[in-house]
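Shown next, in structure tokens, is the structure this report addresses.
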Amino acid sequence: MLRPKDTATRERKSLDGLWRFAFDAGGVGRGEEWWRGPLADAHEVAVPASYNDLFADPAARNHVGDVWYQTVVRVPAGWAGRRIVLRFDAATHRAVVWVDDTRVAEHEGGYTPFEADVSEHVAAGEEVRVTAVVNNELSWQSIPPGFVVDTEDGKQLQYYHDFFNYAGLHRSVWLYSTPVAHVSDVTVVTGLDGSEGTVDYRVEVDGGEGHDVRVVLLDADGTEVARSAGASGVLTVADVHPWRPGEGHLYELVVELVARGAVVDAYPVPVGVRTVEVRGAEFLINGEPFYFTGFGRHEDIPVRGKGHDDAFLVHDFALMRWIGANSFRTSHYPYAEEVLEYADRHGVVVIDETAAVGLNTGLAGGIFGGEGYPTFSEETVNDETREVHAQAIRELVARDKNHPSVVLWSIANEPESDTEGARNYFEPLFTLTRELDPSRPVGFVNVMLAPHGKCLVSRFADVIMLNRYYGWYVNTGDLAGAERALQAELEAWAGDGKPIIITEYGADTLAGLHAVVPQPWTEEYQVDYLEVHHRVFDRVDAVVGEQMWNFADFDTKPGVFRVDGNKKGAFTRDRRPKAAAHALRRRWRRLA
Ligand code: GCB
């Protein structure tokens, strides 16, 4: 799905800012058709942002159910006769949208965009009312899964993942226009052969029967390096300047739709020419072994919650650069497209993950009302869930396929993976991901509960991704024992002959807490814990990466294991370094 852009033939208008907003605690808005007029008793709310922490009100933070967003927008007068599209970059976890009284869109899944052609429902120069009902409930058939419990105090939400269920319009909303005949999709796959680069392209067109497609590849300074005609083809670039980790060199593929010699539509796609390959136990970028350093992260900041924020975007990348990180994982959902575009431009390597987190009742089972649920069953995660999961993968690949920064798909985080149910659930999802994108390796992130020899899903993966907490959840306070256990397990995985990325290892640490003897939660313990892990990684050749958990402290639901959230950050939630940040910086700058 193409991101809205201003081009010679296209225009976009941001709908970001303050919107009218109403909680629908009784769940009556759909029946009462609240979209038909101005929302009554409305608050004002910021878009983009999670609504949860804006109001200093526990009922707002913990609301479960529908909320209503509304704004009025004037359609630019110059858009007469054009195709007009309303686009939401994200609505967490699902939404229905109306333009005035007409229902125009519905979308499931909180972290991928959706849009509606509203040309027939709006008039250039006139105002329209845009209303969205956004719902934050999780079920066994949502990705991520969870369930709603009815209590005396109203609905409560339970889920198996370790971050707060922030909700709302987390990313920008756009009204944009294109010509009626327009470019509707572009796919690029790049190759390298010595000093020659190739750009395999495929263009899809809507409403342009009889029109021609032509493409021009420009270098960063605007010089033309290749051109071609036709909806698909291969461009070759002599003396190519590859995209590589640390250096985000980008070309621009300008796609034009042409009728009778005139350009009808133009759309530019940034292109990084690079290759990705798994060979034996190595992960190769441009044919060279790559070692991942960096983090699992979250989209999580004070007040805005999961709302995208460009200031934090720039600052977080600055901190990753400061610390010597060359990569991160979009744990545990697709991040804002702004983040991937930034990574493209700055040569930061990304493991791109779906929102399939918490498909594992073993991780928190029993805590919820004393009831244990099986993860995979007719009543819990089932075939219908798998179809929702498959759709989440389709939407992720459709959105992110052209980003050179994305080198590996992660289709789930820490699902149950040691049962036949898991094996049957996941095998077709691996097949699907490879069909959608044969150019990138595919994996999932394995949980400690399914170690080597027990996991039945890792056989489908090109890369082994492991989250390990020796010295924290097990061997707590016993780093010598942790070192032995980690070494033994990694050696077993190395026997599979695939590359291993440690996608999580970490220890909760309260900034400012110190001790002279090793004490969990102190800054010293976090440093020692990391050192032990690094020693082991250095001894196991198949380990091709380390992504510490987490970049920064982040918010979670309340719990006896959580002190104002998860404290495993190298940085605090307001991005101040703990001692571990300095230790990581020394190591990663040396490795670089
Ligand atoms: C994990 C999860 C992550 C948690 C982390 C922790 O394995 O993947 O979402 O936050 O452990 O800190 O427990």
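The table below gives the values:
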{"read-out": "Odd one out for GLY545, checked against (1) open to solvent by 60 Å² or more (accessible area, probe 1.4 Å); (2) in contact (Cβ under 8 Å) with a residue 24 or more places away in the chain; (3) not in a helix (DSSP H, G or I)", "value": "(1)"}
{"read-out": "Residues (in a loop (DSSP other than H, G, I, E, B) and either more than 21 Å from TYR111 (Cα to Cα) or within 16 Å of the ligand (Cβ to nearest atom) (or both)) located in segment 398-422", "value": "GLU414, PRO415, GLU416, SER417, ASP418, THR419"}
{"read-out": "Members of segment 113-146 that are out of contact with any Ser or Thr (no Cβ under 6 Å at 6 or more places or on another chain), over 25 Å from VAL45 (Cα atoms) and away from the ligand (no atom under 16 Å from the Cβ)", "value": "ASP117, SER119, GLU120, ALA123, ALA124, GLY125, SER139, SER142"}
{"read-out": "Matching option when the condition is in contact (Cβ under 8 Å) with a residue 40 or more places away in the chain and either open to solvent by 50 Å² or more (accessible area, probe 1.4 Å) or more than 29 Å from the chain's Cα centre (by Cα) (or both), among VAL234, VAL215, VAL203, VAL188", "value": "VAL215"}
{"read-out": "Strands (runs of 3 or more DSSP E) contained in segment 279-357 and holding at least 1 residues more than 16 Å from the ligand (Cβ to nearest atom), crowded, with 24+ Cβ neighbours inside 10 Å and free of Cβ contacts under 8 Å to residues at least 24 places away in the same chain", "value": "none"}
{"read-out": "Scope segment 501-544; condition within 16 Å of the ligand (Cβ to nearest atom) and either within 26 Å of the chain's Cα centre (by Cα) or at pLDDT below 95 (or both); matching residues", "value": "ILE501, ILE502, THR503, GLU504, TYR505, GLY506, ALA507, ASP508, THR509, LEU530"}
{"read-out": "Number of positions in segment 121-161 that are β-branched (Val, Ile, Thr) and over 27 Å from HIS332 (Cβ atoms)", "value": "4"}
{"read-out": "Test: GLU379 is among the acidic types (Asp, Glu), touching a Ser or Thr at 6+ places or on another chain (Cβ under 9 Å) and outside any helix (DSSP H, G or I)", "value": "no"}
{"read-out": "Members of segment 49-88 found to be charged (D, E, K, R) and out of contact with any helix residue (DSSP H, G or I) (no Cβ under 9 Å at 6 or more places or on another chain), listed by number", "value": "ASP57, ARG61, ARG74, ARG87"}
{"read-out": "Residue list for segment 39-53, restricted to those being touching a residue at least 24 places away in the same chain (Cβ under 8 Å) and open to solvent by 60 Å² or more (accessible area, probe 1.4 Å)", "value": "GLU44"}
{"read-out": "Considering residues of segment 423-460 that are more than 16 Å from the ligand (Cβ to nearest atom), open to solvent by less than 60 Å² (accessible area, probe 1.4 Å) and aliphatic (A, V, I, L, M) only, the residue nearest to GLU387 (Cα to Cα)", "value": "LEU429"}
{"read-out": "Residues of segment 563-592 that turn out to be touching a residue at least 40 places away in the same chain (Cβ under 8 Å), open to solvent by 10 Å² or more (accessible area, probe 1.4 Å) and within 16 Å of the ligand (Cβ to nearest atom), as a count", "value": "4"}
{"read-out": "Test for ARG244: is it in contact (Cβ under 8 Å) with a residue 60 or more places away in the chain and either surrounded by fewer than 21 Cβ atoms within 10 Å (Cβ to Cβ) or within 22 Å of the chain's Cα centre (by Cα) (or both)", "value": "yes"}
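The values are calculated or read from the model by the stated rules, or taken from the named source; none is laboratory data. Since this is a predicted model, take the numbers as computed values, not measurements. Note that we place each Cβ from the backbone using ideal geometry, even for glycine, and neighbour counts take in every protein chain shown. Protein only, heavy atoms only, side chains kept; ligands, DNA and RNA dropped before computing areas. Shrake-Rupley method; radii C 1.70, N 1.55, O 1.52, S 1.80 Å.
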